[in-house]
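First the structure, in the form of structure tokens, and then the observations on it.
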Amino acid sequence: MEIFETHAHLDSKEFNKDRDQVIQKCLKYGVNKIINIGCDEVTSQKSIDLADQYDFIYATVGYHPHEASSYNEQAIEKMAKHPKVVAIGEIGLDYYRNHSAKKDQINAFNKQIELAIKLNLPIVIHDREAHEDCLDILKNHKPKNVVYHCYSGDVVYAEKILQENWKISITGVVTYKNAFDLKDVVRMLPDDSFFVETDCPYLTPVPYRGKRNAPYYIPEIVHEISRIRMQSPKQIAEMTYRNAKKFFLNQ
């Protein structure tokens, strides 16, 4: 069973002691494509460095809303032209923590959407408690390829995203007992509309909650989606692999 991990933070300090061992272990669990996500200039460059080091790792570049106040467009545009950069992200709005002022978040979000359109790159969205603003800004720009990473909305909001032919990505949260809305979303998603991800080192799936998350735990997410949708794990792995490969790699 081959699995495409679409959102990891393997450059995080949590992996400093055993990063290579973790990455090699992923291959043993069938995780043979990984996208490492940039959140600012430093982590974007680290993602590129990882992608240069490992054939099966790709990178995104961008400024997370937490870092929006320090947005450097020249740096991101330069890095975005690297051959293994496959998307702009993660970008968006976060009204839960508000580490950057709302106006700075909106400004950086708009500029990065424009950059993605200019460079013909997909967009990886971070949206936390900012659903309507996030959707309105995206619809104003009309980008073609968008994925809502770590989807946290309900079925109604998912339907609005799907109407735009955008994608939704599912994390280990789907394995949590109280994730009723997300389980409902997973049931209604068309086969060609979603990906899987760990968002490691965060959001570790059951039964490993409390431990550091890693891409080799992604089979737990695949199996839970399989249970919810009443499709085989192999079917879920194959469809999400196919969806991600087309979206990020244009293959």
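The values are calculated or read from the model by the stated rules, or taken from the named source; none is laboratory data. All figures in this text were calculated on a predicted structure; none of them were measured in a lab. Heads up, the Cβs are rebuilt from the backbone with ideal geometry, glycines too, and the neighbour counts pull from every protein chain shown. Heads up: the accessible areas ignore ligands, DNA and RNA and are worked out on the full protein's heavy atoms, side chains in. Shrake-Rupley method; radii C 1.70, N 1.55, O 1.52, S 1.80 Å.
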Long pairs among 183/211; 78/142; 111/144; 103/183; 25/46; 118/183, criterion Cα-Cα beyond 26 Å: 103/183; 118/183
Using the per-residue mean of other Cβ atoms lying within 10 Å as a proxy for protection, in what order, highest first, do the peptides 46-53, 138-145 fall? 46-53, 138-145
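Heavy-atom accessible area per residue, segment 194-240, 1.4 Å probe: how many Å²? Spell out each step's value before the answer.
Working: 1920 Å² over 47 residues.
In whole numbers, segment 194-240 has 41 Å² accessible per residue.
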Considering the Cα trace of segment 1-96, what is its radius of gyration and what is Dmax, both in angstroms? 13.5, 42
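Taking Cα atoms of segment 66-169, Rg/Rh with Kirkwood Rh, to two decimals?
On the way: Rg = 13.0 Å, Rh = 13.8 Å.
Result for segment 66-169 is an Rg/Rh of 0.94.
Calculate the FRET efficiency for residue 97 and residue 176 from the Cβ-Cβ distance with a Förster distance of 25 Å, rounded to the nearest 0.05. Please report the intermediate quantities before stating the final value.
Working: r = 20 Å, r/R0 = 0.81.
With R0 = 25 Å, the Cβ-Cβ based efficiency is 0.80.
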GNM result for the chain, Cα springs below 10 Å: residue of 201, 83, 215 fluctuating most strongly: 83
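Taking R0 as 45 Å, what's the FRET efficiency between residue 117 and residue 53 from their Cβ-Cβ distance, rounded to 0.05?
Numbers: r = 30 Å, r/R0 = 0.66.
Plugging the Cβ-Cβ distance into 1/(1 + (r/R0)^6) gives 0.90.
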Using a Förster distance of 41 Å, how high is the FRET efficiency between residue 81 and residue 17, based on the Cβ-Cβ distance and rounded to 0.05? 0.80
Under a straight-distance cross-link criterion of Cα-Cα below 16 Å, which aspartates and glutamates are reachable from residue 245, leaving out those fewer than 8 residues away in the same chain? 2, 5, 55, 191, 192, 197
Taking the Cα centre of the chain as the origin, how large is its charge dipole in debye, to the nearest 20, when only Lys and Arg (+1) and Asp and Glu (-1) carry charge on their Cβ atoms? 480 debye
Dipole axis of segment 1-80 (+1 Lys, Arg; -1 Asp, Glu on Cβ), positive-most option in 44, 65, 8: 8
Pair residue 132, residue 24: separation of 7 Å Cα→Cβ label points (nm): 5.3 nm
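Carbon and sulfur: what percent of the chain's accessible surface (1.4 Å probe)? If you can, show how the numbers build up before the last one.
Values: 5290 of 11430 Å².
On the chain, the fraction of accessible area on carbon and sulfur atoms equals 46 percent.
On a full-extension model of 0.36 nm per residue, what is the gain between residue 223 and residue 69, subtracting their alpha-carbon distance, rounded to one decimal in nm?
Separation in residues times 0.36 nm, less the Cα-Cα distance, equals 51.5 nm.
Compute the convex hull volume of the Cα atoms of the chain, divide it by the residue count, and report the result per residue in Å³ as a whole number. Walk me through the numbers before you get to the answer.
Details: hull volume 28.4 nm³, N = 251.
Residue-normalised Cα hull volume stands at 113 Å³.
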How much length, in nm to one decimal, is gained on full extension between residue 231 and residue 212, taken as 0.36 nm per residue of separation minus their Cα-Cα distance? 4.0 nm
